[in-house]
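Quick notes on the structure that follows.
The values are calculated or read from the model by the stated rules, or taken from the named source; none is laboratory data. Computed from a predicted structure; not experimentally measured. Don't worry about glycine lacking a Cβ; one is built from the backbone with ideal geometry, like all the others, and counts go over all protein chains shown. Heads up: the accessible areas ignore ligands, DNA and RNA and are worked out on the full protein's heavy atoms, side chains in. Shrake-Rupley method; radii C 1.70, N 1.55, O 1.52, S 1.80 Å.
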Amino acid sequence: MTMNKFGLHMMVHTPDWTEAGARRVFESAKKIGYDFVEVLIFDPHTMDAAMTARLSEEYGIGVATGLCGKLSADLSSTDPVIAKRGEDWVTHAIKVTRDMGATMLGGPSFSALHRYMLPPSELARERAVDAYRRLAKQAEAAGVRIGLEALNRYESNFITTVGQAADLCRKVGSKALFVHGDMFHMNIEEGDIPGAIENVKDCLGYVHVAESHRGYLGTGNTDWKAFFGALARIGYDGPITFESFSPSVLGPEMAGLIALWRDLWSDPDDVAAKALAFMRQHVRDAATAVA
Ligand code: LER
Ligand code: MN
């Protein structure tokens, strides 16, 4: 029996974390059988943590959070003012995560969701180690852990492989940091996905299960057997979250951020229900294969 908990990303249903939107996500998660929902924090100053904690309790469904930086609050910037704003952004998100009753804050908190035109500087990389050392201490005090989500080259320049995420975790040297892998991004950036997973087994803490085109699981080109097989071999028992997007749900601005130009589905409950069955089956099959 797997120990993994299964999560449903809020964006399958809504880009807005209003009470009405949140209820749709919690209701769907409960009806389908997910264990928790992932709330994407686009601005930690505007998230209603009390409402989230109340609904989490009401539905009996857990919460994890994700955070994206932005160009004016970008921890990876060489401009110290912008980098400091980026660090403060994560500090607020740690508090919001705690107040939601969650313990995991993943996502690309280290940069904006943006197509950068230059590589990150060595100075920014050095500063990020110090920044995450300070943030890890705050996270430990709050009972929260911070995941570093490796994104593909068109959405960040700072951490694009799970190995780079692990490097930063190891340099910081705190258990409050972990690697957050996402199969959509790994499928673009990693040469050897099972090998990449093996290499970060000491710090992998969270995964996004997302198809190569971000639509229905099993309808893209991802080698899911290889991915779940690698998770089983390293004994991964952490959270597994389904992440999928549709422009008709996100609206043009959000969809544009991640270059989502085609509708691959229109029924959030259907894509979410099929995804949970798909993930459970793969986890079961992979466990049997390694037993
Ligand atoms: C964005 O491409 C993504 O994968 C999200 O999980 C960002 O948190
Ligand atoms: Mn993701």
Is there a residue in region 83-100 that is more than 21 Å from D130 (Cβ to Cβ), among the charged types (D, E, K, R) and either in contact with a Pro (Cβ under 8 Å, 6 or more places away or on another chain) or open to solvent by 50 Å² or more (accessible area, probe 1.4 Å) (or both)? yes
Do you know which residues across region 95-131 are closer than 17 Å to F178 by Cα, within 16 Å of ligand 1 (Cβ to nearest atom) and not aromatic (F, W, Y)? T97, A102, M104, L105, G106, G107, P108, S109, S111
Collect the residues in region 48-70 that are among the aliphatic types (A, V, I, L, M), in a helix (DSSP H, G or I) and open to solvent by less than 10 Å² (accessible area, probe 1.4 Å), keeping them in residue-number order. M51, L55
Answer yes if at least one residue in region 132-142 is more than 16 Å from ligand 1 (Cβ to nearest atom), among the aliphatic types (A, V, I, L, M), more than 17 Å from the chain's Cα centre (by Cα) and open to solvent by 40 Å² or more (accessible area, probe 1.4 Å), and no otherwise. yes
Just for region 1-12: of the residues that are more than 15 Å from ligand 1 (Cβ to nearest atom) and either of a type in the set (S, T, Y) or open to solvent by less than 40 Å² (accessible area, probe 1.4 Å) (or both), which one is nearest to L264 (Cα to Cα)? F6
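Conditions tested, residue by residue: (1) open to solvent by 30 Å² or more (accessible area, probe 1.4 Å); (2) free of Cβ contacts under 8 Å to residues at least 60 places away in the same chain.
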site	(1), (2)
N152	no, yes
I159	no, yes
D167	yes, yes
I188	yes, yes
P194	yes, yes
N199	yes, yes
D202	yes, yes
V209	no, no
G215	no, yes
Hey, does region 71-94 have a residue that's part of a strand (DSSP E or B) and at pLDDT 95 or above? yes
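Considering only region 210-225, I want to know if a residue exists there that is assigned to a helix (DSSP H, G or I) and either acidic (D, E) or modelled with pLDDT of 95 or more (or both).
Looking for residues that are assigned to a helix (DSSP H, G or I) and either acidic (D, E) or modelled with pLDDT of 95 or more (or both), one finds at least one in region 210-225, hence yes.
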